[in-house]
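Worksheet: the structure to be examined is printed underneath.
FYI, it's all coordinate maths here, none of it is from the lab. This one's a predicted model, so the numbers in the text were calculated from it and none came from an experiment. Reconstructed Cβ throughout: ideal geometry from the backbone, glycine too, with neighbour counts over all protein chains shown.
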Amino acid sequence: MKTNQIYDYIERLGNLLRVDSRRDGAEHGLQPVQLEALHYLSVCNRYSDTPKATSEYLGQTKGTVSQTLKVLEKKGFLRKVTDDNDKRVVHLKLTSAGDKLLQQFIPSRQFKEACQHLSDESQTQIVSCLKELLQTTQRTNGMKTFGVCHSCRFNQKIKADRYFCNLTQEPLSSKEIQLICREHEEVV
Ligand code: SF4
């Protein structure tokens, strides 16, 4: 078993990424968790861009996430949009300043440089192994998968570039099926 080795490598990488995030975020007075929240909101779909889903994804309390979102909104990286059908629901949308910030810092310059030294084959192997490890860990913990929409059991292709969610009973665009979702369930 290589459990300890895998753990040590992932923990070390996590620490290094947090160092990058702390340094880059500091330029804008942001903590790593605030950048993580912004990144999550840039890759999630319309069913997942709420404070509750952000809290579930980050594994943080509602109170902590609420403070995080307030900071991002105050700094002009995020804006709240009330749901068209349910006025009690608030969606969190990135502003153009938020988009620009992420393009600049996520992934960090150092991480991009490191990946450039890896062959295409190595990168493909790493993606495949990390995906398997993530899915296995989520299954073991009984956590939501927050998987990409196109891999969900509720996703149905209607015709070219047209999809349908059999859970929400709403159409999905080809762009939306590339995003992650809090309702995602793996195909069994
Ligand atoms: S198909 Fe699955 S992942 Fe996509 S929107 Fe529906 S529930 Fe979410």
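Descriptive notes on the structure:
- Estimated FRET transfer efficiency when R0 is 35 angstrom, pair V90-Q31 (beta carbons, to 0.05): 0.95
- Length-normalised contact order for the chain - Cα pairs under 8 Å, 6+ apart - percent: 19 percent
- Ratio of the Cα radius of gyration of the stretch 75-151 to 2.2 N^0.38 Å, where N counts its residues: 1.55
- Mean residue ellipticity (222 nm) of the chain, computed from DSSP H runs ≥ 4 via -39,500 (n - 2.57), nearest 500: -16500 deg cm²/dmol
- Reference-scaled alpha-carbon Rg (2.2 N^0.38 Å with N residues) for the chain: 1.10
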